[in-house]
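Before any comments, here is the structure.
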Amino acid sequence: MKFISALEIALIVVESLIFLVFYVTLVSKRDFVRTNKLKCVIFCVFYVTLAYFISLYLPMGYHTIVILLATILLLSFITRTNVYNAAVIVVIATLFISVVDMINSAIFVAIFQMDLNEMLLNTGDYQYQLFAWTSKAIQAALAILFFKFNNDRIRIALFKSNHNQYMFAIMQLLLMAIFIASVNYSTGGIKDKALYNFMLVSLYALSIILSVFDFREREQMLELINKKKNLEEYVKNLEDVINVIRREKHDFMNHIQTIFAICKLGKPNAVESIDNYLKRLTSDLSSSYTFYETGNDYIDGLLAIKSNICFENEINLVVKIGAKFTSAKADDSDIAGIVGNIVNNSIECLKDLPASYEKKIEFVTGIRNNMFYLMIENNGPEIPKSIVNLIFEKGYTTKSESVDHGFGLFIAKQLAAKNNGSINVDSTPESTKFIISFNAKESENAGLGRYAAV
């Protein structure tokens, strides 16, 4: 059995680096090498191990094809780029390596006056070693120059589709196919079984390490998506505030003009008319906006805006603060995100009901058994038992237009879990209750009565 020398392994290492440099340059991820050093090392080790393994245990005809497929999948996976671009870039890098080898081999044949096939077959000879290292040195130098001076002038972006979620599964299938082929072709000829087993275990260990990276990055992506949706909800609330301010500015301008007109008319009862007008105006304002002291500034502002929305939709919003939100062991902005999403859900359930229906949302807080409880109850339609456990799933919605729906309750559930809390739902034909619980900062008992049960 043919063994690969240390010099040949070093050549494979250089080749893996050439592929990597070409790839990150053409996909405009030049910082990848600096910020993901461990991934780069894993790629090189994986490439070298696989190339060594294939050279020893697979027929020569399969060597190049398998290496190219593995390189495409591996680079696409670790850099989070689509497989189509990966295939194009790896083919370009392969052509670059081949062209340099062809030109260099022609020069060496001319210099040493020897047959090319003879030189390539005698890998241990001085002429072959000089040829191989000269080619790799030229390739590496050109790749580094390309990396340094490209400045994104040449960039591969052929397709927008991204199928990275499938890359790890495809890589595993490829590894499995390689191992099956090696067993079919080489089992009888394996002389160093310890080396064979070591390389098998190494390839699988490297794939497991990559899967850990993949899992962590997907967790981070999910967290970013949740934060994005939460920020979108904050922005929506701010837009509500801005719209209210604009409307109030317009209304107040009309009110000032009305009072100015009464003054200009100079009628005997002008003062009395202005007095009555202002009393009615302040009465309307106090009924459309209600301000609360919840212990959480975000929720104070949130409830003030929601009280106006409820007023406009003829929904009776009842707020009973039995315990301040400062008593809950949870992040203030996260609690606001939970409250905003669930209150919005309650308003959506009620606002389209007939005007004759007595619509109501009740907001109650309290502490019992060292737990902080928040109950948000609405008397809208019952949530069917079959979907109670589905409403917190990402993307699930009962609305026909679901592009911007199906994330609110999912985000609320994620934020509660992040703060070691929970959300329970109790829906009957009379009402639907969302009961949110967190650990309390101090042991108090502000009774919630029937709402404390979860």
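The values are calculated or read from the model by the stated rules, or taken from the named source; none is laboratory data. This structure is a prediction, so every number in the text was calculated from the model and none was measured. Don't worry about glycine lacking a Cβ; one is built from the backbone with ideal geometry, like all the others, and counts go over all protein chains shown. What goes into the accessible areas is simple: the full protein's heavy atoms, side chains included, and nothing from ligands, DNA or RNA. Shrake-Rupley method; radii C 1.70, N 1.55, O 1.52, S 1.80 Å.
When residues in region 44-92 are screened for being open to solvent by 20 Å² or more (accessible area, probe 1.4 Å) and of a type in the set (S, T, Y), 6 of them pass.
You will find that of K227, K264, the residue that is part of a helix (DSSP H, G or I) and modelled with pLDDT of 70 or more is K264 and no other.
Pairing residues of region 314-327 that are in contact (Cβ under 8 Å) with a residue 60 or more places away in the chain with residues that are among the aliphatic types (A, V, I, L, M), at Cβ distances under 7 Å and at least 6 apart in sequence or on separate chains, gives G322/V364; G322/A446; G322/L448; A323/I367; A323/A446; S327/I367; S327/A440. Is it the case, given these coordinates, that Y373 is surrounded by fewer than 20 Cβ atoms within 10 Å (Cβ to Cβ) and among the aromatic types (F, W, Y)? The answer is no for Y373.
Would you confirm, using the coordinates I've provided, whether I391 is hydrophobic (A, V, I, L, M, F, W, C), out of contact with any Asp or Glu (no Cβ under 7 Å at 6 or more places or on another chain) and either touching a residue at least 40 places away in the same chain (Cβ under 8 Å) or not in a loop (DSSP other than H, G, I, E, B) (or both)? No, not satisfied.
If you go through region 21-30 one residue at a time, do you hit one that is at pLDDT 80 or above, among the polar types (S, T, N, Q) and under 29 Å from the mean Cα position of the chain (by Cα)? Yes, region 21-30 contains at least one residue that is at pLDDT 80 or above, among the polar types (S, T, N, Q) and under 29 Å from the mean Cα position of the chain (by Cα).
Residues that are assigned to a helix (DSSP H, G or I) and modelled with pLDDT under 80 were ranked within region 111-125; the one that is nearest to L11 (Cα to Cα) is L120. Can you tell me which residues in region 8-44 are of a type in the set (G, A, S) and more than 30 Å from Q127 (Cβ to Cβ)? Passing the criteria: only S28. Residues of region 1-43 that are part of a loop (DSSP other than H, G, I, E, B) and open to solvent by 30 Å² or more (accessible area, probe 1.4 Å): M1, K2, F3, S5, S28, K29, R30, D31, N36. Condition first: within 18 Å of A143 (Cα to Cα) and charged (D, E, K, R). Can you find one or more residues in region 69-82 that meet it? No; the residues of region 69-82 include none that is within 18 Å of A143 (Cα to Cα) and charged (D, E, K, R). Being modelled with pLDDT under 80 and crowded, with 21+ Cβ neighbours inside 10 Å holds for only one residue in G408, G366, and it is G408. Look at N424 and say whether it is at pLDDT 80 or above, in contact with a strand residue (DSSP E or B) (Cβ under 8 Å, 6 or more places away or on another chain) and in a loop (DSSP other than H, G, I, E, B). Taking the combined requirement at face value, the residue does not satisfy it. Among the residues of region 317-340, just one is open to solvent by 70 Å² or more (accessible area, probe 1.4 Å) and either in contact with an Asp or Glu (Cβ under 7 Å, 6 or more places away or on another chain) or of a type in the set (V, I, T) (or both), namely T326.
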